[in-house]
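Colleague: This is the structure I want to talk about, given as structure tokens.
The values are calculated or read from the model by the stated rules, or taken from the named source; none is laboratory data. Computed from a prediction, not measured in an experiment: that's the story for all the values here. Positions of Cβ are generated from backbone atoms using ideal geometry, with glycine treated the same way; all protein chains shown enter the neighbour counts.
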Amino acid sequence: MKHEPAQIKKLNALMRRLKAKHKNLEAPGYEPTTQLIMAFLQSDASRRKAELAYDALMEQMVDNNELRVSLTQEIVDVIGENYPRVHWRIERMRESLNEVYLREHDHKMVKAASLTKKEQRHYLDTLTGITPYAAASVMLLCFGGHAIPVDDKLAALLAREDAIDEGLAPAQVEALLLRQFKAGDPSVEAHLLLQAWSDGCKTPASVLEAIEPQLVAVETTREDQKREPAKKKSSKKTAPAKKPAAAPKPAAKTTKKTTKKTTKKTTKKPASRTKKK
């Protein structure tokens, strides 16, 4: 997957136009769980829609934990059936929130905050129901990692500008963008500009016709590969611990007993014959 020089020029020209149009953009300051919720509400929609939806939810609920344990239809009833892909996104959001609770024993990502950047991205990418956009949003805006959130809408808009190839998955588009924008403030600025641009554009028909966005496909890491052989070795060691093979020993004893009985009988027969004589 290559980012052609002509495409990079188109991307840089787009970013210059966006910088001239959108000034003083501020990154949201949500804590990680709230940002995760906002990312699910914002992908393939808009930041404004996500903020209004979250405010409406918090008017009806105590906190994010009550949102986690609420039924999908209860959440949909608050934000409305007309919200884009509403049932799909809420079900995936609840899956991720419940996975966070299983790992943390809390609805807040306290343990995740203490991990390294690589471990944090793996933590997010392995959440049940997570999308590339949601994982990148929390990684960039909460943990300060090198990430740029990309949803299907942004990927389609960039392809329309000839800044990337058509048909690329959001994770592939993010990988291309990360080569063009450095970690830290440049990647945050790039995200804010691209998000503002996406929010002001109509959603392409190709995105509306799609059934559902892609979830994160997590590849096996080197650490996971090291753990797998260890499990195999332990299973091989435990297999010989079973002792059904000791069954032949009783069979050997029975043969000895039978030989003793036969020898006794043969020795007694000659003695009885001599007495008769």
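Colleague: Pairs under 9 Å by beta carbon, first residue in contact (Cβ under 8 Å) with a residue 60 or more places away in the chain in segment 106-122, partner of a type in the set (Asp, Glu), six or more apart or different chains?
Modeller: Short answer, once both residue conditions are applied: His107/Asp63; Lys108/Glu31; Met109/Glu31; Ala112/Glu104; Ala112/Glu119; His122/Glu223.
Colleague: Are there any helices (runs of 4 or more DSSP H) wholly within segment 127-220 with 1 or more residues that are of a type in the set (Val, Ile, Thr) and out of contact with any strand residue (DSSP E or B) (no Cβ under 9 Å at 6 or more places or on another chain), and if so which?
Modeller: Because the criterion is at least 1 residues that are of a type in the set (Val, Ile, Thr) and out of contact with any strand residue (DSSP E or B) (no Cβ under 9 Å at 6 or more places or on another chain), the helices (runs of 4 or more DSSP H) in segment 127-220 that meet it are 132-141, 170-180, 185-199, 205-209.
Colleague: Determine which member of the set Gln7, Gln42 is in contact (Cβ under 8 Å) with a residue 40 or more places away in the chain, among the polar types (S, T, N, Q), surrounded by 18 or more Cβ atoms within 10 Å (Cβ to Cβ) and under 20 Å from Ala134 (Cα atoms).
Modeller: Just one listed residue meets the conditions, Gln42.
Colleague: Right, another one. Please find, within segment 81-126, the residue that is nearest to the chain's Cα centre (by Cα) out of those that are β-branched (Val, Ile, Thr) and not in a helix (DSSP H, G or I).
Modeller: Filtering segment 81-126 for residues that are β-branched (Val, Ile, Thr) and not in a helix (DSSP H, G or I), the one nearest to the chain's Cα centre (by Cα) comes out as Thr126.
Colleague: For Pro5, only one of the following conditions fails: (1) at pLDDT below 95; (2) within 21 Å of Ile90 (Cα to Cα). What is its number?
Modeller: So Pro5 meets the others, but not (2).
Colleague: Yes or no: segment 37-46 includes at least one residue that is over 19 Å from Cys201 (Cβ atoms) and in a loop (DSSP other than H, G, I, E, B).
Modeller: No, segment 37-46 contains no residue that is over 19 Å from Cys201 (Cβ atoms) and in a loop (DSSP other than H, G, I, E, B).
Colleague: Pro132 passes all but one of (1) in contact (Cβ under 8 Å) with a residue 60 or more places away in the chain; (2) under 17 Å from Ala205 (Cα atoms); (3) crowded, with 22+ Cβ neighbours inside 10 Å; which number fails?
Modeller: So the condition that Pro132 fails would be (2).
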